[in-house]
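Input: a single structure, listed below in structure tokens.
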Amino acid sequence: MINLEAFKYLILGIVQGFTEPLPISSSGHVAIAQEVLNINNPGISFEAFINFGSTIAILIYFRHDIITLFYGGLKYLRGGLKTNTTESSYLWKIFFSTLPLVFGALLIQMLGITIGDNLTVIGYALIVTAFSLFFVYNKDGKTDIKSATIMMVIFIGVGQTIALMPGISRSGMTMVFALLIGIEKKEAFKFSFLMFIPASIGALIYSIIIMISEHSFNPLFIISAFMAFIFTLIGLKITENFVTHNNLHYFGIYCLIIGLTVILFIT
């Protein structure tokens, strides 16, 4: 029979997995779940493990796009970086879109800024996410990522950087920023998750180094990661359906309700 501690980590994995693709902030919901379940923050290793579970799900969900990009990248490398392809161009855009996040994370670390899980801050951040989603209600551009400029994808990357704050949805903010500059909604959905993959892998490598040095691994992290994997697949399908039918504002309503609930009743 599953013990209480394992059950708590199972719930955290479900929360992370289901809310990662939905534009409602997985980090904010995990922090709220930790408060409700009375679990002390397990640290960066736990966050990276459950994010990696979500990343595996994203790799599977977008496997056809990723395989195409992989072989296009190989062709580009075999051509001595001279034979530019549609796929290599797309890969470069993923690379440039992650730069704001890298610089933002480094700046936060250099300045010693602590991004904690203060529930009051998370509540207000969820409200910011809500109004961001309301702002792009019914927006749908005509531009695909293949036609986007480097500055456009860097702008989308700024959205991902803002989402370093718990309560600000990463998928939501990247899709909002993409829609604001005229990216077609299905393209915005796909690019939002493809640009998440290198960031997640980088975070996992960093956390493994920290975990080894601090001996902070907990076997229960594996349960959370597995549940995150399963429920991210479910959440991706739901999110794609909502994005396709211009229903992002429903997530905005949800974020507004949860944000107000956290501020008024939980904190």
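Sort 122-131, 107-116 by the packing proxy (mean of other Cβ within 10 Å over each peptide's residues), most packed first. The partial results should precede the final answer.
On the way: 122-131: 22.8, 107-116: 9.6.
The packing order, highest mean first, is 122-131, 107-116.
Once label points are set 7 Å from the Cα along Cα→Cβ at both LYS146 and THR261, what is their separation, rounded to one decimal in nm?
The answer from the label model is 4.3 nm.
Sequence neighbours fewer than 8 away in the same chain don't count; with that in mind, list the aspartates and glutamates whose C-alpha is under 15 Å from LYS93.
Filter leaves ASP65, ASP144, GLU187.
Normalising by the residue count of the chain, find the relative contact order in percent from Cα pairs under 8 Å and 6+ residues apart.
On the way: 408 pairs, mean separation 101.5, N = 267.
So the answer I get is 38 percent.
Within 12 Å, Cβ to Cβ, of PHE70, how many net charges do the neighbouring residues add up to if Lys/Arg are +1 and Asp/Glu are -1? Provide the component values of the computation, followed by the final result.
Numbers: positive: ARG63, LYS75; negative: ASP65, GLU87.
The answer is 0.
Between ILE122, THR239, SER25, whose Cα lies farthest towards the positive end of the dipole of the chain when Lys and Arg beta carbons carry +1 and Asp and Glu beta carbons carry -1, centred on the Cα centre?
Value: THR239.
I'd like the projected area of segment 156-267, averaged over all directions, using the convex hull of its alpha carbons. Report it in nm² with one decimal.
On the way: hull surface 34.7 nm².
The orientation-averaged projected area of the Cα hull of segment 156-267 comes to 8.7 nm².
Going by a ≥ b ≥ c, the root eigenvalues of the Cα gyration tensor, does segment 89-170 fall in the rounded group (a/c under 1.5), the prolate group (a/b larger than b/c) or the oblate group? Each step should come with its number before you reach the end.
Values: a/c = 3.86, a/b = 1.28, b/c = 3.02.
Oblate.
Pick from VAL243, VAL36, VAL153: which is most flexible by mean-square fluctuation in a GNM of the chain where alpha carbon atoms under 10 Å apart are linked?
Greatest mean-square fluctuation among the candidates belongs to VAL36.
Name the residue, out of ILE201, ILE67, ILE181, whose mean-square fluctuation peaks in a Gaussian network model built on the chain with Cα pairs under 10 Å.
Of ILE201, ILE67, ILE181, the most mobile in the Gaussian network model is ILE67.
Give me the distance in nm between label points sitting 7 Å out from Cα along the Cα-to-Cβ direction at PHE7 and ILE238, one decimal.
Label-label distance for PHE7 and ILE238, simple model: 2.2 nm.
In a GNM of the chain with a 10 Å cut-off on Cα contacts, which of ALA188, ALA225, ALA33 has the highest mean-square fluctuation?
ALA33
For n ≥ 4 DSSP H runs only, could you compute -39500 (n - 2.57) per run for the chain, divide by its residues and tell me the 222 nm figure to the nearest 500?
Details: 12 runs with 197 residues, N = 267.
Helix-only estimate at 222 nm: -24500 deg cm²/dmol.
Where the centre of each part is set by its Cα atoms, how far does segment 1-69 sit from segment 170-208, in angstrom?
Each part's Cα centre sits 16 Å from the other's.
Excluding ILE58 itself, calculate the net charge of residues whose Cβ lies under 15 Å from the Cβ of ILE58, where each Lys or Arg counts +1 and each Asp or Glu counts -1. Working shown, then result.
On the way: positive: ARG63, ARG170, LYS190, LYS237; negative: GLU20, ASP65, GLU240.
In short, +1.
FYI, it's all coordinate maths here, none of it is from the lab. Quick caveat, the model's predicted, so the values are computed rather than measured. All Cβ positions, even for glycine, are placed from backbone atoms using ideal geometry, and neighbour counts span all protein chains on display.
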